[in-house]
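**Q** Shown below is the structure under consideration.
We did not get these values from a lab; they are worked out from the coordinates using the rules stated. All figures in this text were calculated on a predicted structure; none of them were measured in a lab. Here the Cβ positions follow ideal geometry from the backbone for every residue, glycine too, while neighbour counts run over all protein chains shown.
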Amino acid sequence: MEIFGTWLAAFFTLGIISFLYRDNAWYKLCESIFVGISAGYWFVTLFWDNIHGLFWERITERHDYWLLIGASLGLMMLLRLIPPIGWISRWPLSFVVGATAGLYIINYFASNVMVQVENTLMPLFSAKFGDPLFSASPYSIVGNIVVAAGTFTGLVYFFFSKEHKGAFGGMAKIGIWTIMITFGASFGYTVMSRMSLLIGRMDFIFGDWLGLIR
Amino acid sequence: MKRKIPVIITSLVGTVLILSVFFPPAERMGEDFSIFFDIIAVFAFFLGGGNLVRIHGNKIYKKARDWGFSAVTLAGFFLMLAAGLFKIANPGGIAADVTAQGSLFQMLYDWIFNPLGASMYALLAFYVASASYRAFRAKNKEATILLIAAFIILLGRTPLGVYATAWIPEQFSLMQIPNLAIWIMTAPNLAGQRAIMIGIALGVISMSLRLILGVERTYLGTDNE
Amino acid sequence: MTRGELMAYLVIVAVVLLLAFAVPKPISFSTTVSYIIVGFIALVLLIIFVRTIQGNMVGRRIVFLFVGMAVILPLFMTISQPIPLSPEVKQVYDAVVALKPGSKVLVSFDYDPPSAPELQPMAETFFRLCLSRDLKIVIMGLWPQGPQQAEIAMRKTLEYPEIASKNLRYGIDYVNLGFQTGNEFVIQRMGGDFKSMFPTDLNGTAYDSLPLVRNVRNFSNIDYAFHLSAGYPGTVEWVQVAVDRYGLKMGAGNTAVQTTQMYPYLRARQLVGLLGGLNGAAEFERAADMIGKATKFMVSQSFSHIIVIAFIIIGNAAFFLGDKSRKRKQEAAGGGH
Amino acid sequence: MKNVPISYPTFFIILPLLIILNSALTAQPEVTPIDSAAALIPRNITAKDFKYDRGETIELNWKPADRVNQEMLDGYEVYRAEESSDSFVSIGFTGPDVTRFKDNGVVSEKRYRYRVAAIVGDVPYLSEATPPASPTMELVNFNLANLFIIGCLIAGAVTYFIGHARRGKKLFIRKIAGLEAIDEAIGRATEMGRPILFVPGINDMDDVQTIAGITLLGRVAKVVADYDIKINMPVSRSIVMTTARETIKEAYMGAGRPDAYNDDMVRYITDEQFGYVAAVDGIMVREKPATCFYLGAFYAESLILAETGNSIGAIQIAGTAQPAQLPFFVAACDYTLIGEELFAASAYLSNEPKQLGSLKGQDVGKLLAMVVIIVGVVAATISQSWNIAFFTRLYDLMIKLFTVQN
């Protein structure tokens, strides 16, 4: 049984990789199975976690009847299937959009604007003897300056109300350079992780499955 | 009327949620609303799953091109549904957890779902390489900067980078590639991340306000009154 | 399915059958053969380089082929690469070695199968090191599939002769408490009482009937914690709750993508040791002198990096030099008219 | 700059010397730990209601042991009993450097007493019990007052400029390159007679990025309906499917050809990330769209999509607010809306003054952040270097304003 599973897994692994050459029947087969199986998987998971665990058990055991509001919104969603009153299905949609907008405003504001600005407010260097920052290396002082200036010019780049011209344009330029360094760094860093994934897959093919690797 | 009510719902729900943060008795509202969302999502799945069945069913019925693959998709879908909802071959029976070892559901997950997902994920290794080859051209200043940063980070994580600059004396240790890589990550990278994050947050605030104030209604299709 | 496709499939089936049943196992290239292969690949890259400068860009399939070779071939090679030991990795090793036999180590598995290539080798080496030094291991997970990954790693570890000879017993020498939902709130509640979060272990045995943890109330009874993380909830949450609030001594293993975010914690000594990506796993294997998968994988990893770097160079060479030669060609063509 | 004590070149030269000097001067004095571990027992323990919550937390603070003795200390253990009882139960443990504990296992309005023990080895050295404290619920969270004020400022600016624009005032917004390209990209699909592919990311409607993607879909669909191009939109969430259909349908109604709309333009694939990507990849190589839009929340699949799109020669326009995925889109796509631009895009494209006004308001927020960064960093540096009271106060004020307490 275990061996059968390994062969099956190998079959699907190679099928997906065959897409690199070009689209073919093997890949199509893998893709169709993947779509079917995974759609089923997520429905089953949603059903047991949300409907059974979250909704049914909490209503029957803890009597959280307010959850019925959620269920009725869900039912309204299904009214799309009855065209004459299909417009009601917009209500749950607008509920979702409103809730998302309301929740995200505060979340993003607190953790992205406030916290990030606060973290940027740091002394760049210190001229006071004995201060830990005084004995900081020139590199870290340059680093501090780069962080503050980079954040500032990066914001200049995103500014919409002014054309990027003159001194302002110059700052925007430095801003986009900083952002480009960020992108380059993330890219370089990700290459490593992605290669590990492939190594893991190949180890499965040549090691676990074919047993060619010691 | 049909158009007014949804806009009112959005505004009302959004406003209430923003205010709830500042009043401890209403603090949990955000959490409750996300539970509602989870429940709505399951109901919505009947539409999504229905759509899946209808599209593939149609293809089979009409014997359209590649209809055989549609049949495979539907078979996989129903097999997984049956295995999960009726907990087929689950050693613990219907009361046990759906992912119990030995159940058909878990076997399908381990043997089919998981290798397929992992392989799709592993394709990234190839695409990362081809994207680097194709797109990493020093065609202008921005691209050159991106290229150099990526190059330093890449080298910094290989023995090549370690040896290439190991001769640089300790006073200038920053110029050693592995240290330079770390410096890039902690200084310019941090600055760029912050600028992007602050920008994103302001964008989100402004967009959410447009939604709550009813200025943006595209999602309701009320664009053309 | 076209005829060409069918033929290709038959070839693949034949190759697979050949590899699976007819080839002597395991395959392993001697050092000389390995260097010949490396030299050959370098030669082909050089040819590509020259051709690219002449204006013939290679297609993406060639790039794919090279990535595949760079990853697969080193798996069979016997060559190894020197792995410099970084201080953060040494810290993990030192922390474990400093523990007295019988000390209790908590290991949290917060990742799922897709991140296993990077984190699984760390888990295996960590288990092996702990068990060979007679430390007791308490396993848990904040990700649903984490404890399963721990089971796999533990099964592997117990097969090593030096570990197998110890006749270790579940419940006394190691325990798997399983998964609990609730993310950082689980960590917070564990600060008060482990049992409230894990009333039973993975197999359903009651917490109090497991001799190893019967006397473990909360973090104060844990001597060192090691945390394997691939995202949220992860090291950040563990540091913020368990380390900052409960004073737990903790080291971490992270996927490469995440590692950079952890350096500030390392500098502030909130983390005692850090393993980053496959590189960190390989270094740890070296520190513990337990050469395993990560060291082997590292060769593939370095090769693939070099291939990516090589193709970036080739691409840029084509862009600059090719530009000139194209101009020259254009000039020549213009002159002809 | 006359009163700067050291000029910069000298500063960097003297620096290494000073470091050596510094370390020589601060040699560690010998310390002898006091025998009696009892001296470690925490003093001045206060237990009081944690401010601004639902009455579920009591906050404990105590004085730490002397520095000398801290070496022996393993940490503190906290015990709790209800007022009427004397059975103290351990509720938590903190490290030796932590002298604060939040107990959130309490019931509103009940009264509790606490004892804190210093742990040395395995032995607890217990303190006296605190006077009883009880958690209460507050109606307003004043800790978040700063969040409220700055939030009102930014939200006020957005609202003001929306109103301002409504009254017909002209507002300037600079050109955004990626957005100018949208029309061109759609135009290309028309010329080539091939479909447009629209991918709204893999998150559900409870992510603002998806909503931003859908609002952009509205603009794209309008053009699509006008020119009668085929649009193909595979989605990975059912609610997104419903919303997208609504949006496209409305665009077709607006163009006066509701009969040309078809529900199959939007189809659900699967909720699974890579299953969805496998299918979208398939759609790309088989239907060869002329233009691909990736607008929404993306994760690892970003590069798989962008590289496949590139291999079929499609024009690709991407936009996301996932910082980790932006580099891939920037490298592999023709145009990328970076972070904030994704959210600004639909307002920009709408060309309605009131929507453009909101962008102006957003800029006020950026201006605020920029000013605070400059002033704050300068104040911090001056206060760190020369202890000038005014700047120290200014710096503290800024930090206070931007610290989110919870």
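**Q** How high is the FRET efficiency from C:Ile291 to B:Phe46, r the C-beta distance, R0 56 Å, rounded to 0.05?
**A** Efficiency, rounded to the nearest 0.05: 0.55.
**Q** May I pose another question? When you look at the Cβ of every residue in C:243-253, what mean number of other chain Cβ atoms sits within 10 Å?
**A** Mean partner shielding for this stretch: 3.
**Q** To the nearest 20 debye, what is the magnitude of the charge dipole of region D:37-126 about its Cα centre, counting +1 on the Cβ of each Lys and Arg and -1 on the Cβ of each Asp and Glu?
**A** Charge dipole of region D:37-126: 300 debye, to the nearest 20.
**Q** Against the longest alpha carbon principal axis of chain D, how many degrees, from 0 to 90 and to the nearest 10, is the axis of helix D:389-402 turned?
**A** 60
**Q** Name the residue from A:Thr153, A:Phe183, A:Gly170 whose Cα lies farthest towards the positive end of the charge dipole of region A:127-214, charges +1 on Cβ of Lys and Arg and -1 on Cβ of Asp and Glu.
**A** A:Gly170
**Q** Something else now. Order of A:Met202, D:Met192 from fewest to most other C-beta atoms within 10 Å? List each step's numbers first, then the result.
**A** Working: A:Met202 24, D:Met192 15.
So the ranking, lowest neighbour count to highest, is D:Met192, A:Met202.
**Q** Placing +1 at every Lys and Arg Cβ and -1 at every Asp and Glu Cβ, with all other atoms neutral, what dipole size does the protein assembly as shown have around its Cα centre, in debye to the nearest 20?
**A** 3220
**Q** Among all the lysines, which ones have a C-alpha under 23 Å from D:Lys110's C-alpha, if same-chain residues fewer than 8 places away are not counted?
**A** Answer for D:Lys110, where 23 Å is the Cα cut-off: D:Lys48, D:Lys51, D:Lys102, listed by chain and number.
**Q** Determine the distance separating the Cα centre of region B:25-78 from the Cα centre of region A:42-77; give it in Å without decimals.
**A** The two parts, judged by their Cα centres, are 17 Å apart.
**Q** A follow-up question, please. Taking the Cα centre of chain B as origin and charging only Cβ (+1 Lys, Arg; -1 Asp, Glu), how large is the dipole, in debye to the nearest 20?
**A** The calculation lands at about 940 debye.
**Q** C:Arg133 versus D:Met253, label points 7 Å from Cα toward the beta carbon: distance in nm?
**A** So the label points at C:Arg133 and D:Met253 sit 7.0 nm apart.
**Q** Now for a different question. Mind checking Rg over Rh on chain A, alpha carbons, Kirkwood formula for Rh?
**A** The Rg/Rh ratio comes out at 1.12.
**Q** So how do B:65-78, B:198-211 stack up, highest first, on mean other-Cβ count within 10 Å? Working shown, then result.
**A** Values: B:65-78: 18.4, B:198-211: 28.5.
The most tightly packed comes first, giving B:198-211, B:65-78.
**Q** Oh, and also: Compute the acute angle (0 to 90°) between the alpha-carbon long axis of helix A:2-17 and the principal axis of greatest extent of the alpha-carbon atoms of chain A; round to the nearest 10°.
**A** Value to nearest ten degrees: 60.
**Q** Still on this model: Can you find, among B:Asn58, C:Phe49, B:Met80, the residue farthest towards the positive end of the dipole of the protein assembly as shown? Put +1 on the C-beta of Lys and Arg, -1 on that of Asp and Glu.
**A** Checking the options against the dipole of the protein assembly as shown, the answer is C:Phe49.
**Q** Straight-line reach from B:Lys4: which aspartates and glutamates have a Cα under 17 Å away, not including same-chain ones fewer than 8 places off?
**A** B:Glu216, B:Asp223, B:Glu225, D:Glu246, D:Glu250
**Q** Oh, and also: Out of the chymotrypsin sites (Phe, Trp or Tyr not before Pro) in region B:117-207, which ones are loop residues according to DSSP with at most 11 other C-beta atoms within 10 Å?
**A** The qualifying sites are B:Trp167.
**Q** Okay, next question. State the Cα centre-to-centre distance between region A:81-108 and region B:79-132 in whole Å.
**A** Answer, in whole Å: 32.
**Q** Rank the residues D:Asp228, C:Asp94, D:Asp207 as a footprinting-exposure proxy: fewest other Cβ atoms within 10 Å of their Cβ go first.
**A** Values: D:Asp228 11, C:Asp94 14, D:Asp207 19.
Least crowded to most crowded, the residues run D:Asp228, C:Asp94, D:Asp207.
**Q** Assuming R0 = 45 Å, can you tell me the calculated FRET efficiency for the pair C:Arg155 and A:Tyr21, based on Cβ-Cβ distance, to the nearest 0.05?
**A** For R0 = 45 Å, the calculated efficiency reads 0.80.
**Q** While we're on this one: Mind checking D:253-261 for the average number of partner chain beta-carbons within 10 Å of each residue's beta-carbon? If you can, show how the numbers build up before the last one.
**A** Numbers: counts 3, 4, 1, 1, 0, 0, 0, 0, 0.
Average neighbour count from other chains, rounded to a whole number: 1.
**Q** Just how far, in whole angstrom, is region C:42-103 from region D:351-406 if you go by their alpha carbon centroids?
**A** 45
**Q** Another question, if that's okay. Show me the chymotrypsin sites (Phe, Trp or Tyr not before Pro) within region A:47-77 that DSSP assigns to loop and that have at most 12 other Cβ atoms within 10 Å of their Cβ.
**A** Working: sites: A:Phe47, A:Trp48, A:Phe55, A:Trp56, A:Tyr65, A:Trp66; in loops: A:Tyr65, A:Trp66.
Answer in residue order: A:Tyr65, A:Trp66.
**Q** As I understand it, the dipole of chain A uses +1 on the Cβ of Lys and Arg and -1 on the Cβ of Asp and Glu, about the Cα centre. Which of A:Gly130, A:Gly200, A:Gly53 lies farthest toward its positive end?
**A** Highest projection toward the positive end goes to A:Gly130.
**Q** Given points 7 Å out from each Cα along the Cα-Cβ axis, report the B:Ile88 to B:Gln171 separation in nanometres with one decimal.
**A** Spacing of the two 7 Å Cα→Cβ label points: 7.5 nm.
**Q** Evaluate peptide A:169-178: per residue, the Cβ atoms of other protein chains within 10 Å of its Cβ; return the mean as an integer.
**A** Mean number of neighbouring Cβ atoms from other chains: 3.
**Q** Now for a different question. Quickly estimate the mean residue ellipticity at 222 nm for the protein assembly as shown, helices only: each DSSP H run with n ≥ 4 gives -39500 (n - 2.57), and the total goes over all residues, rounded to 500.
**A** Numbers: 43 runs with 664 residues, N = 1182.
When only DSSP H runs of four or more count, the value is -18500 deg cm²/dmol.
**Q** Moving on to the next point. Of the listed pairs C:Lys156/C:Lys296; C:Lys104/C:Lys166; C:Lys100/C:Lys195; D:Lys170/D:Lys222; C:Lys90/C:Lys166; A:Lys173/D:Lys170, which have alpha-carbon separations greater than 19 Å here?
**A** The answer is C:Lys100/C:Lys195; D:Lys170/D:Lys222; C:Lys90/C:Lys166; A:Lys173/D:Lys170.
**Q** Now, a different point. Give a quick list of trypsin sites (Lys or Arg not before Pro) in region C:223-330 that DSSP marks as loop, anything other than H, G, I, E or B, with at most 12 other Cβ atoms within 10 Å. List each step's numbers first, then the result.
**A** On the way: sites: C:Arg245, C:Lys249, C:Arg267, C:Arg269, C:Arg286, C:Lys293, C:Lys296, C:Lys324, C:Arg326, C:Lys327, C:Arg328, C:Lys329; in loops: C:Lys249, C:Arg269.
Taking region C:223-330 and a limit of 12 other Cβ atoms within 10 Å, the loop trypsin sites (Lys or Arg not before Pro) found are C:Arg269.
**Q** Pairing the Cα long axis of helix D:145-166 with the longest principal axis of chain D, what angle in degrees results, from 0 to 90 and rounded to the nearest 10?
**A** Taking Cα atoms only, the helix is inclined about 20 degrees.
**Q** Among the listed pairs B:Lys2/D:Lys230; B:Lys59/D:Lys288; D:Lys175/D:Lys360, give every one whose C-alpha distance is greater than 23 Å. Mind showing how you got there, number by number?
**A** Details: B:Lys2/D:Lys230 29 Å; B:Lys59/D:Lys288 20 Å; D:Lys175/D:Lys360 14 Å.
Pairs exceeding the cut-off: B:Lys2/D:Lys230.
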